[in-house]
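Each reported figure results from applying straightforward, stated rules to the coordinates on display, with no laboratory input. Remember, predicted model here, so these are calculated numbers, not experimental data. Glycine gets a Cβ as well: all are built from the backbone with ideal geometry, and neighbour counts include every protein chain shown.
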Amino acid sequence: MPRQFFVGGNFKMNPTSQGQLGSIISILNSADLDSTTEIVIAPPSLYLIPLKDTVRSELQLSAQNCYYKDSGAFTGEISPAQLVDANIPYVILGHSERRTLFHETSEFVAQKTKAALDATLKVILCVGETLPERETGQTAAVVQKQLQAVVDVLQESDWSGVVIAYEPVWAIGTGKVATFAQAQEAHFDIRTFLTQAVSPAVAESTRIIYGGSVTAANCKDLSTQSDVDGFLVGGASLKPEFVNIINARN
């Protein structure tokens, strides 16, 4: 069964006003969007609930992070249970900005991934290497180590709720982008790892999407790679060109 193309928009800590947010959503609500693509947007958390009532039905919402506990004295955190109760279907976990700026380890990301899946959330799980790791030929080893932590705590059936986002850290927000061959190679390596570490069925069905300075200019060529099942878009998701990225396969 073919894997459904997936495009996610990670707004990060943007925009800074409800007015700007309204403009972004207005463009998406009025656009002609590819009906065969699964589309998910991840605004800052305080906008999630209000947006439920204003985004068109084809757009699903995602949180940008959550904790691994359902409740308690964890100031500033959002729980999987709260997201489920608010009917938010997705959460992004393991983004490189969480790993580097907030020192989240792969084991911690795995703990949060399991908690989110146990709560019935779907997870966009981010992995990727830094530029020094890329230049010293460690890409596959680094990504496999990040994934192995998650493999260690999940059951095979859990993987139906996971979308893997390969995001080379050196390409996020830098304007640099992995070549089509580099992206395909990294995605193929992830799929091969899943075959060995989980099962061939999980490897075949799990969507592996690319993130790292995806734009309207490069998305069509990236989308033709056999193991690239979509995109996780950062800065461009705040711009009108996000529509073109969603429609990359049209």
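Annotations for the structure displayed:
- Amide H contacts under 5 Å for residue 231, placed H, 5+ residues apart: 6, 7, 8, 210
- Pairs of lysine residues in segment 35-163 that meet both criteria, 8 or more places apart or on different chains and Cα atoms under 19 Å apart, total 8.
- Taking each residue as 0.36 nm, the span from residue 192 to residue 141 lengthens on full extension beyond its C-alpha to C-alpha distance by 17.1 nm.
- Each residue of segment 195-202 is assigned a 3J(HN,Hα), and the resulting list reads 4, 7, 8, 10, 5, x, 5, 5 Hz, derived from the Karplus form 6.51 cos²θ - 1.76 cosθ + 1.60 (θ = phi - 60°), x at Gly and Pro.
- Size of charge dipole - segment 38-146 - debye, nearest 20, with Cβ of Lys, Arg +1 and Asp, Glu -1, no other charges: 60 debye
- P(r) weight above 22 Å for segment 71-218, C-alpha pairs, percent: 39 percent
- Gain on full stretching of the segment that runs from residue 87 to residue 69 - 0.36 nm per residue minus C-alpha separation: 4.7 nm
- Under the Debye formula (equal points on every Cα, no solvent term), log10 I(q)/I(0) of the chain at q = 0.13 Å⁻¹: -0.76
- Charge tally in the Cβ shell below 13 Å around residue 181, where Lys, Arg are +1 and Asp, Glu are -1, residue 181 excluded: -4
- With a cut-off of 13 Å between beta carbons, the residues surrounding residue 223 carry a summed charge of 0, where Lys and Arg count +1 and Asp and Glu -1.
- Only lysines eight or more places from residue 220 in sequence, or on another chain, were considered; those with a Cα closer than 22 Å are 176, 239.
- Positive-end residue of 194, 217, 232, charge dipole of segment 154-250 with Cβ unit charges: 217
- Counting DSSP beta bridges with both ends in the chain, the antiparallel % (nearest 5): 0 percent
- DSSP bridge pairs, segment 1-150: antiparallel proportion in percent, nearest 5: 0 percent
- Cβ charges +1 (Lys, Arg) and -1 (Asp, Glu), total dipole of the chain, debye: 360 debye
- For segment 134-154 versus segment 10-54, the gap between their alpha-carbon centres in whole angstrom: 31 Å
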